[in-house]
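Working notes, structure below.
The values are calculated or read from the model by the stated rules, or taken from the named source; none is laboratory data. Just so it is clear, the model here is predicted, and its values are computed rather than measured. Positions of Cβ are backbone-derived with ideal geometry, glycine not excepted, and every protein chain shown enters the neighbour counts. We work out accessible area using only protein heavy atoms, side chains counted, and drop any ligands, DNA or RNA first. Shrake-Rupley method; radii C 1.70, N 1.55, O 1.52, S 1.80 Å.
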Amino acid sequence: MCVGACALCPLRGGRGEGRLGFIIRPPHQLLPLLLCPGLRIPRLSVLCAQPRPRAMAISSSSWELPLVAVCQVTSTPDKPENFKTCAELVREAARLGACLAFLPEAFDFIARDPAETLRLSEPLGGNLLGEYTQLARECGLWLSLGGFHERGQDWEQTQKIYNCHVLLNNEGSVVATYRKTHLCDVEIPGQGPMRESNSTIPGPSLESPVSTPAGKIGLAICYDMRFPELSLALAQAGAEILTYPSAFGSVTGPAHWEVLLRARAIETQCYVVAAAQCGRHHEKRASYGHSMVVDPWGTVVARCSEGPGLCLARIDLNYLRQLRQHLPVFQHRRPDLYGSLGHPLS
Ligand SMILES: O=C(O)CNC(=O)[C@H](CS)NC(=O)CCC(=O)C(=O)O
């Protein structure tokens with residue numbers, strides 16, 4: 001059963017606005033989302049899942065499972081406007097019952113050039129993070145701020161920033177930070193060149209997965225998804241949810257985005273949550289969008305439609321554990337054969 005064939009779903013793949021949405025969880029469970037009268041859902045999108053083997057049926061009631069929200073936006077160089085858009089989506093996520101909302105890479109802004117990126121950047125203790133702290137408190141939910149242009153402690157010497165994924169708890173405290181370790185310096189024909197290292201320093205280390213109300217989250221950012229070594233390291237360190245907040249290119253997007261995310265989910269047996277930038281940010285830059293949540297089986301269980309909006313998914317850790325028992329790939333690895341991955345090809 002998939003969304004195109006799902007006559008019961010009034011949102012049909014998430015297009016348009018509606019007052020009643022569904023989260024459809026395997027095996028074929030329809031969960032009505034009853035919303036307040038008059039509440040406008042900005043393109044709430046939900047998806048049906050493919051059938052799973054019977055043995056993996058879910059026992060717990062889905063209503064009890066934690067709900068997460070994935071926010072999709074089109075950041076521009078206008079920081080106050082970007083905050084307004086993100087805050088609206090986060091408030092909507094809270095009203096819909098999410099315990100955790102994910103914002104994409106560069107949720108704070110997308111600048112026209114490296115000089116503007118540096119000029120608009122702030123330290124973690126700056127005004128913008130202060131506003132997000134208040135927002136998390138006001139809404140009472142956790143926030144994954146997928147890629148903050150951070151002036152680090154070395155700003156005075158380096159005049160460069162970090163691409164920092166910040167996790168706030170529902171009291172607005174910073175629970176974890178991860179600074180993007182793989183910088184995107186690529187030139188793809190048909191897509192403007194990306195030279196992230198012009199403005200950004202790579203982070204020095206991975207971060208241990210963090211316990212949240214939805215599960216243990218491993219932090220990564222966008223281009224990091226191309227390095228399965230990182231996702232395996234996070235899974236081995238206990239991650240149950242991998243996050244790839246992104247501003248993915250419009251040429252690499254159609255070819256690689258969903259394939260990479262689903263592969264990371266299947267091989268790590270983790271949920272994968274990817275909040276994405278979409279649309280045109282300014283004259284020189286556009287992003288692919290297609291924010292989604294993938295379950296550990298590799299099924300896309302929620303996805304945003306085109307344009308800014310949000311989608312929701314429930315995280316079922318019992319299902320994750322069952323799947324890992326049924327398909328114990330982590331016990332079948334052969335580190336004796338490929339111990340030192342990660343070196344350049346010779
Ligand atoms: O520039 C900023 O302000 C924030 N950073 C980004 O948007 C980064 C670097 S340009 N984008 C990516 O990593 C896209 C990767 C990608 O598209 C792929 O792997 O195909």
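Here are a few things to note about the model shown:
- Estimated D of segment 134-190 in µm² per second, where Rh is the Kirkwood radius over Cα pairs and Stokes-Einstein applies at 25 °C, 0.890 mPa s: 188
- Inter-label distance for Asp336 and Val175, nm, one decimal - labels placed 7 Å from Cα along Cα-to-Cβ: 4.0
- When DSSP beta bridges are restricted to pairs lying wholly in segment 105-252, around 75% turn out antiparallel.
- Ser62-Ala115 pseudo-label distance in nm [points 7 Å out on the Cα-to-Cβ vector]: 5.3
- Taking Glu116, Glu187 and ordering them by how much accessible surface each has at a 1.4 Å probe, largest first, produces Glu187, Glu116.
- Using a probe of 1.4 Å on the protein chains alone, the accessible area found for Met194 is around 40 Å².
- Taking the convex hull of Cα positions in segment 169-328, its mean projected area over all directions (nm²): 10.0
- Surrounding net charge for Ile221, when Lys and Arg each add one and Asp and Glu each subtract one, Cβ distance under 9 Å: 0
- Counting only protein heavy atoms and using a 1.4 Å probe, the accessible area of Arg321 comes to about 120 Å².
- Largest to smallest in accessible area, the residues Lys79, Lys160 fall in the order Lys160, Lys79 (1.4 Å probe, all protein chains included).
- Debye log10 I(q)/I(0) for segment 197-255, one point scatterer per Cα, at q = 0.18, 0.23, 0.29 Å⁻¹: -0.70, -0.98, -1.21
- Cut-off 17 Å, label 7 Å out along Cα→Cβ of Gln134, residues of segment 74-88 by amide N: 79-88
- The listed residues Asp154, Asp295 rank as Asp154, Asp295 when sorted by accessible area, largest first, using a 1.4 Å probe.
- For segment 75-212, the average shadow cast by the Cα convex hull is 8.8 nm², which is a quarter of the hull's surface.
- Heavy atoms of His326 accessible to a 1.4 Å probe, total area in Å² rounded to 10: 90
- Computed from the C-beta positions of Lys84 and Leu327 and an R0 of 35 Å, the FRET efficiency is 0.20 to the nearest 0.05.
- Protection proxy ranking of 265-278, 123-136, 248-261, by the mean of other Cβ atoms within 10 Å over each peptide's residues and highest first, is 265-278, 248-261, 123-136.
- For segment 226-346, share of DSSP beta bridges that run antiparallel, in % to the nearest 5: 70
- Around Glu131: net Lys/Arg minus Asp/Glu count, Cβ-Cβ under 12 Å: 0
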